[in-house]
Amino acid sequence: MTKRLWLLPVAAILMTACNEDEHDDAAAHAGPMMNYVRIDDRLATGGHFVDDGLAQVQAEGVEVVIDLRDEPPEGHREWLEAQGLTYVNIPVLWRAPERSDFESFREAMAEHTGKHVVVQCQANYRASAFTYMYRVLDGGVEEAEARVAMNEIWEPEGEWQDYIEGILED
């Protein structure tokens with residue numbers, strides 16, 4: 001029996017890790033969109049809509065959805081436009097973001113100045129990164145302050161960190 005006692009701490013660690021993953025997953029899906037972040041009264045970022053999330057963001061006043069997924073769900077544009085929202089899709093490949101993608105994003109944001117915008121992708125990685133860069137370069141927000149909202153979701157590394165640094169350096 002004492003030979004099996006070492007299994008108890010191992011089992012406890014595994015159960016804790018599983019519960020943390022479940023908590024993280026539940027937290028990610030707790031808002032109207034996966035990993036939803038309200039930046040200010042006219043700007044938010046998020047992943048895919050969760051449950052009745054569209055109704056929630058509409059109640060907040062969202063007028064425009066800028067979607068950075070390279071393959072949005074079929075019928076997504078029609079669904080949002082039927083609800084009275086303006087929909088813009090800028091297809092950004094997760095593994096190969098281009099400088100022109102960010103330029104298209106800047107143009108879309110400029111076109112909708114003064115509107116309440118939510119920037120969307122699958123899990124709020126692309127959306128938070130593009131919004132961070134936009135706020136620094138075009139929004140007059142200090143880099144450290146803008147980074148806070150992005151880092152609520154993730155801390156870019158590798159290719160994405162290089163991409164962001166390249167955009168900000170120009």
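Suppose we keep only residues that are buried (at least 18 other Cβ atoms within 10 Å of the Cβ) and either assigned to a helix (DSSP H, G or I) or basic (Lys, Arg) (or both) within the range 148-170. Which one would you say is nearest to the chain's Cα centre (by Cα)?
150
Select from the range 83-121 the residues that are loosely packed, with under 12 Cβ neighbours inside 10 Å, hydrophobic (A, V, I, L, M, F, W, C) and closer than 19 Å to residue 62 by Cα and list them in ascending order.
Correct list: 110 only.
With over 25 Å from residue 49 (Cβ atoms) and not in a helix (DSSP H, G or I) as the only criterion, which of 65, 141 stands out?
Testing whether each residue is over 25 Å from residue 49 (Cβ atoms) and not in a helix (DSSP H, G or I) leaves just 141.
Return yes when residue 124 is over 18 Å from residue 38 (Cβ atoms) and surrounded by 16 or more Cβ atoms within 10 Å (Cβ to Cβ) and no when it is not.
Criteria not met by residue 124.
Given the conditions (1) within 30 Å of residue 96 (Cβ to Cβ); (2) modelled with pLDDT under 95; (3) assigned by TED's automatic domain parsing to the domain that holds residue 98, which single one is not true for residue 51?
(1)
Determine which single condition residue 51 fails, assuming it passes every other condition in (1) surrounded by fewer than 14 Cβ atoms within 10 Å (Cβ to Cβ); (2) of a type outside the set (Gly, Ala, Ser); (3) part of a helix (DSSP H, G or I).
(3)
The values are calculated or read from the model by the stated rules, or taken from the named source; none is laboratory data. Just so it is clear, the model here is predicted, and its values are computed rather than measured. Cβ atoms come from the backbone with ideal geometry, glycine included; neighbour counts cover every protein chain shown.
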